[in-house]
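Single-structure report; data block below.
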Amino acid sequence: MGLNNPVPASLGLQALFGGTFDPIHYGHLRPVEMLAKTTGLAQVILLPNHVPPHRPQPEASAQQRVAMVELAIQNNPLFSLDTRELARETPSYTLDTLRELRHQLGHQQPLAFIIGQDSLLSINTWYQWEELLQNCHLLVCARPGYATRFAQPEMQQWLETHQTRDPAQLSVQPHGLIFLADTPLINISATEIRNRLHAGDSCADLLPPAVLRYIRQHSLYQD
Ligand code: ATP
């Protein structure tokens, strides 16, 4: 997909998956592939984030992060790419992107946003986080090393209020549910990959070979 990012209207459940993807790795891809099987997700749209200037910057450029995502999802029809957040001059909040998509898709289309368990635990730091569920479901992938409950009782209460254990509901309601998916625990982070590459260690089993080739060709994450 190009910068116009047309989102196909469809009746099936669609999901967005945002991330820095510096670089994209199997800890992103494998849990989401399993999640798609469990929930009947027809389409996962990868959404590389624009990182605002006051935050620690990704090592790869936006264009390189996009190129790595493209290589990772080539020949995998489950995934597509949406570069709208990178095309904006200003940092974009997930909520703004979701609202924009809602506008495109209409109010009946089931739409989800995928996050890892670590992101769920800090979701109350996101811009207007309480509005997220008015626009999408949250599909949460398990991630090793993170608590499975909120430490704050009010956040645990929020989770339990919105949680569904029935994935079929995600295609019935257009938004408003949280599904904690029993996805495989994959102990990979982009930080670990960058550190290993800087140290000259192998990353062969951590990310798709085409992405690793790109990293080598462009001398990314060296020294
Ligand atoms: P970094 O190490 O640079 O912080 P990361 O590996 O956590 O990066 P991000 O691009 O920041 O990757 O993550 C995008 C999304 O993917 C987040 O919602 C995060 O929770 C989720 N995610 C990343 N790695 C995993 C993993 N191994 N298992 C489950 N979810 C993951």
TODO: Residue by residue through the range 170-179, note down the ones that are in contact with a strand residue (DSSP E or B) (Cβ under 7 Å, 6 or more places away or on another chain) and either within 12 Å of the ligand (Cβ to nearest atom) or part of a helix (DSSP H, G or I) (or both).
DONE: Leu170
- [ ] Quick one: in the range 184-210, of everything that is within 7 Å of the ligand (Cβ to nearest atom) and part of a loop (DSSP other than H, G, I, E, B), which residue is least open to solvent (accessible area, probe 1.4 Å)?
- [x] Ile188
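Each row is one residue, and each column tells you yes or no for (1) within 9 Å of the chain's Cα centre (by Cα); (2) modelled with pLDDT of 95 or more.
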site	(1), (2)
Thr20	yes, yes
Tyr26	no, yes
Leu29	no, yes
Val32	yes, yes
Gln43	no, no
Pro48	yes, yes
Val51	no, no
His54	no, no
Glu59	no, yes
- [ ] With the condition kept exactly as written, say whether any residue in the range 72-81 is under 30 Å from Asn195 (Cα atoms), surrounded by 23 or more Cβ atoms within 10 Å (Cβ to Cβ) and touching a Pro at 6+ places or on another chain (Cβ under 7 Å).
- [x] yes
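Could you check how many residues of the range 100-132 are within 16 Å of the ligand (Cβ to nearest atom) and open to solvent by less than 80 Å² (accessible area, probe 1.4 Å)? Don't jump to the end; show me each part of the working.
Initially, the range 100-132 is screened for residues within 16 Å of the ligand (Cβ to nearest atom), giving 112-127, 129, 132.
Next, only the ones that are open to solvent by less than 80 Å² (accessible area, probe 1.4 Å) stay: 112-124, 126, 129, 132.
Residues that pass the stated criteria total 16.
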Task: Long-range neighbours under 6 Å by Cβ, at least six apart or interchain, first residue within 18 Å of Gln64 (Cβ to Cβ) and polar (S, T, N, Q) within the range 187-213, second at pLDDT below 95 and surrounded by 13 or more Cβ atoms within 10 Å (Cβ to Cβ) - done: none
TODO: From Thr90, Thr97, Thr164, grab the single residue that is among the polar types (S, T, N, Q) and within 16 Å of the ligand (Cβ to nearest atom).
DONE: Thr97
TODO: Tell me which of these Arg143 doesn't satisfy, since it passes every other one: (1) within 25 Å of Gly12 (Cβ to Cβ); (2) open to solvent by 10 Å² or more (accessible area, probe 1.4 Å); (3) touching a Gly at 6+ places or on another chain (Cβ under 9 Å).
DONE: (1)
Open item on the list: Name the single residue that is surrounded by the fewest Cβ atoms within 10 Å (Cβ to Cβ) among those in the range 52-71 being touching a residue at least 40 places away in the same chain (Cβ under 8 Å) and hydrophobic (A, V, I, L, M, F, W, C).
Closed with: Ala67
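The values are calculated or read from the model by the stated rules, or taken from the named source; none is laboratory data. Fair warning: this is a prediction, and the values are worked out from it, not measured in the lab. Note that we place each Cβ from the backbone using ideal geometry, even for glycine, and neighbour counts take in every protein chain shown. Heads up: the accessible areas ignore ligands, DNA and RNA and are worked out on the full protein's heavy atoms, side chains in. Shrake-Rupley method; radii C 1.70, N 1.55, O 1.52, S 1.80 Å.
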